[in-house]
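Visitor: Shown below is the structure under consideration.
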């Protein structure tokens with residue numbers, strides 16, 4: 001279920017993490033998105049949060065605007081479908097790139113921001129573990145072949 005490694009361009013994803021104003025990893029199997037909004041405003045700094053998966057790119061864009069109405073539109077917005085295990089963000093080195101990007105934003109809340117990002121990663125891993133358990137026990141899943 002969650003172990004199918006899809007061929008992905010890791011270097012391109014790393015570039016997106018390093019350059020995008022708003023970055024979203026969405027996890028179709030989990031129904032969740034990790035949103036990292038790097039924009040800075042007069043009254044607010046960058047933010048990393050979990051959100052329900054959006055119906056479309058346009059819906060995610062609108063939800064980010066609604067979440068941070070005081071900021072201008074992002075100049076770059078990257079959405080990345082992540083069909084691999086959550087922990088593969090770390091094993092592919094993507095999580096380190098994101099944490100490094102957050103650290104380099106030079107805002108007073110850097111440590112707190114990185115803690116929030118890591119808490120969200122832990123939450124995603126927990127959601128994934130619950131989903132794997134549901135698949136094993138048959139909770140919310142139907143079998144294709146009965147005995």
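Visitor: Could you compute how fast the range 23-69 diffuses translationally, taking Rh as the Kirkwood radius over C-alpha pairs and applying Stokes-Einstein at 25 °C with viscosity 0.890 mPa s? Give it in µm² per second.
Guide: 221 µm²/s
Visitor: Of all beta bridges DSSP finds with both residues in the chain, what is the antiparallel percent, to the nearest 5?
Guide: Roughly 70 percent of the beta bridges in the chain run antiparallel, per DSSP.
Visitor: Using only helices, what value at 222 nm comes out for the chain when you add -39,500 (n - 2.57) per DSSP H run of length 4 or more and divide by the total residues, to the nearest 500 deg cm²/dmol?
Guide: Taking each H run of at least 4 residues, the total per residue is -13500 deg cm²/dmol.
Visitor: Continuing with this model, one more query. Could you tell me what a quarter of the Cα convex hull surface of the range 87-139 works out to, in nm² with one decimal place?
Guide: The Cα convex hull of the range 87-139, projected and averaged over all directions, gives 3.9 nm².
Visitor: Separate question: In whole Å, how far is the Cα centre of the range 32-50 from that of the range 81-127?
Guide: First find each Cα centre; the distance between them is then 12 Å.
Visitor: Using mean Cβ contacts within 10 Å as the protection proxy, how do 15-25, 42-52 order, highest first?
Guide: 15-25, 42-52
Visitor: Next up: Quick check: convex hull over the Cα atoms of the range 37-104, volume per residue in Å³, rounded to an integer?
Guide: Hull volume over Cα atoms, normalised by residue count, gives 106 Å³.
Visitor: Would you report the distance distribution of C-alpha pairs in the range 10-137 as whole percents per 10 angstrom bin, up to the bin with the largest distance?
Guide: Taking all Cα pairs of the range 10-137, the binned fractions are 12, 45, 34, 8, 1 percent.
Each reported figure results from applying straightforward, stated rules to the coordinates on display, with no laboratory input. This is a predicted model, so every value here is computed, not measured. Note that we place each Cβ from the backbone using ideal geometry, even for glycine, and neighbour counts take in every protein chain shown.
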